[in-house]
Amino acid sequence: MTCTMGLVLQSEGDMTGAMTHFTDALEMATREEDRGTLADTHGHLGSLHREQGRIALATQHYETALRIARELGDRAREGLGLGNLCSLHQAQGHVQKTLQMWNEALAILCEVGNRRAQAIALGNLGALQKDQGHWGAAHQNYEKSLAASRQIGDREGEGIVLGNLGELLADKGDLPLAKQRLTQAIAICDETMP
């Protein structure tokens, strides 16, 4: 429960409260030797530190979460841990390392059947490919991400991917299709945003 409260507080912008709850959860998981919760909590702490711009601490927590997941043989947690590290490396501009890690994370996420995480990973991989000028590959991964988002009913994810597709299509000069995708994205954002 402590970890869940940390997530709620983080989403509300109470970073100090979130940090307190995540730290408590880390201590409790360590004391109880609950390695799964320990991995999850390190991942949450990594996200919190990343959000606050503390990249070194975020990296440390993400790497610890990934190491524990691998020690446990927990492929689901390993895929998510790789995804967290990928996002961090991508934001820092480490292109080749990120491409390799996204492909590894995607293989694991497909293996364990985590469609939501696959959709996010495909969208992030598409964004990286777009930034590198690989528009065909980016388009392909955005379409796969869109299909996965629709399959699981993730309307917010669908809207994000449609927006990314619209931007890509506009950059490629396909303005009619870009307008269509962006209009769909805006409609979904209007529907899903409070």
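So in the stretch 180-194, with the set limited to residues that are of a type in the set (A, V, I, L, M) and over 18 Å from GLY126 (Cα atoms), which one is least open to solvent (accessible area, probe 1.4 Å)? Lay out the reasoning, then the answer.
The initial filter retains those residues of the stretch 180-194 that are of a type in the set (A, V, I, L, M), namely 182, 185-188, 193.
Of the ones still in play, those that are also over 18 Å from GLY126 (Cα atoms) are 186-188, 193.
Numbers: ILE186: 104, ALA187: 57, ILE188: 8, MET193: 109 Å².
Checked the stretch 180-194; the qualifying residue least open to solvent (accessible area, probe 1.4 Å) is ILE188.
Consider the stretch 5-53. How many of its residues are under 18 Å from the mean Cα position of the chain (by Cα) and surrounded by fewer than 19 Cβ atoms within 10 Å (Cβ to Cβ)? Of the residues in that region, 6 qualify. The listed residues are LEU169, LEU146, LEU162, LEU177, and the only one of them that is more than 21 Å from ALA121 (Cβ to Cβ), aliphatic (A, V, I, L, M) and buried (at least 19 other Cβ atoms within 10 Å of the Cβ) turns out to be LEU169.
Among the residues of the stretch 66-112 satisfying the criterion of being basic (Lys, Arg) and at pLDDT 90 or above, which is least open to solvent (accessible area, probe 1.4 Å)? Please lay out each step first, then the result.
Applying the first criterion (basic (Lys, Arg)) to the stretch 66-112 yields 67, 70, 75, 77, 97.
Filter once more, keeping what is at pLDDT 90 or above: 67, 70, 75, 77.
Values: ARG67: 117, ARG70: 108, ARG75: 86, ARG77: 71 Å².
Result: ARG77.
The values are calculated or read from the model by the stated rules, or taken from the named source; none is laboratory data. Not measured: the values here are computed from a predicted model. Every residue, glycine as well, gets a Cβ built from its backbone with ideal geometry; the counts of neighbours run over all protein chains shown. To get the accessible areas, we keep the full protein, side chains included, count just its heavy atoms, and leave off ligands, DNA and RNA. Shrake-Rupley method; radii C 1.70, N 1.55, O 1.52, S 1.80 Å.
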